[in-house]
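Participant: Take a look at the following structure, please.
The values are calculated or read from the model by the stated rules, or taken from the named source; none is laboratory data. These numbers were taken from a predicted model, which means no experiment stands behind them. As a convention, Cβ positions derive from the backbone with ideal geometry for all residues, glycine included, and neighbour counts pool all protein chains shown.
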Amino acid sequence: MRREHFTLTVRNVDWVETDGEPRKPSVSIEFTGPSAILRDRLTAPEGDLLEASETDVALRLQGPLEEDVAGVVSVTDRVTGDFVLELNEDAADVLTFIRAARRYGESDSDDEGRYVVDILLDGDRLTTYEKRTFLVYDDEGSLLRQHSLIPSGVEL
């Protein structure tokens, strides 16, 4: 799968910059490549689509954070560590999304998640994940805890 087959669309993050009313951030990741490849990567060994608890979402920076840097957003299979999908994004935009998810979680006692990920296949929703964690790694692979979204009580 090629990164250019993915398009990422973010919603409900503008309020964080203006101190507006918190709304649950969401991201849609649309895939326009060969559908069999994405379906295969999203399918667990039992034949069902991976559930939210079986996936991790992360951002890997491609340079120092102080600079205007790009990053790679990925969804991985938590059990195998295999990449389900990867796409290039501006790191500042992703960090704004994470900040919105953190602030939303602080304002809402909802246990389902701090943000939503919709994965679309040619415009049709394939799966939806309610997520509470979004990990950020520097360009050398070290976890940046201060920029990551990690629920309290979770040890990594």
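Participant: Specify which of the listed residues (THR18, THR9, THR32) is over 15 Å from PHE83 (Cα atoms), among the polar types (S, T, N, Q) and surrounded by 12 or more Cβ atoms within 10 Å (Cβ to Cβ). Steps first, please.
Facilitator: Numbers: THR18 fails: surrounded by 12 or more Cβ atoms within 10 Å (Cβ to Cβ); THR9 fails: surrounded by 12 or more Cβ atoms within 10 Å (Cβ to Cβ).
Only one candidate passes the filter, namely THR32.
Participant: Now for a separate question. Is it fair to say THR80 is among the hydroxyl-bearing types (Ser, Thr, Tyr) and modelled with pLDDT of 95 or more? Step through it out loud before you land on a result.
Facilitator: Values: among the hydroxyl-bearing types (Ser, Thr, Tyr): yes; modelled with pLDDT of 95 or more: no.
So THR80 fails the test.
Participant: Look through THR76, THR80 and report the one residue that is out of contact with any helix residue (DSSP H, G or I) (no Cβ under 7 Å at 6 or more places or on another chain) and assigned to a strand (DSSP E or B).
Facilitator: THR76
Participant: Looking for something of a type in the set (Ser, Thr, Tyr), closer than 27 Å to THR96 by Cα and modelled with pLDDT under 95 - is there at least one such residue anywhere in the stretch 34-47?
Facilitator: Taking the stretch 34-47 first, the residues of a type in the set (Ser, Thr, Tyr) are 35, 43.
Keeping just the survivors that are closer than 27 Å to THR96 by Cα gives none.
No.
Participant: Just to be sure, is ARG132 at negative phi, among the basic types (Lys, Arg), in contact (Cβ under 8 Å) with a residue 12 or more places away in the chain and in contact with a helix residue (DSSP H, G or I) (Cβ under 6 Å, 6 or more places away or on another chain)?
Facilitator: Values: at negative phi: yes; among the basic types (Lys, Arg): yes; in contact (Cβ under 8 Å) with a residue 12 or more places away in the chain: yes; in contact with a helix residue (DSSP H, G or I) (Cβ under 6 Å, 6 or more places away or on another chain): no.
Spelling it out, it is not the case that ARG132 is at negative phi, among the basic types (Lys, Arg), in contact (Cβ under 8 Å) with a residue 12 or more places away in the chain and in contact with a helix residue (DSSP H, G or I) (Cβ under 6 Å, 6 or more places away or on another chain).
Participant: Okay, next question. Kindly evaluate GLU66 against the criterion of being crowded, with 16+ Cβ neighbours inside 10 Å and among the acidic types (Asp, Glu).
Facilitator: Spelling it out, it is not the case that GLU66 is crowded, with 16+ Cβ neighbours inside 10 Å and among the acidic types (Asp, Glu).
Participant: For the stretch 23-69, give me the residue count where each residue is hydrophobic (A, V, I, L, M, F, W, C) and touching a helix residue (DSSP H, G or I) at 6+ places or on another chain (Cβ under 6 Å).
Facilitator: 4
Participant: Here is a follow-up. One residue is enough: does the stretch 58-66 have a residue meeting the conditions assigned to a strand (DSSP E or B) and within 16 Å of VAL10 (Cα to Cα)?
Facilitator: yes
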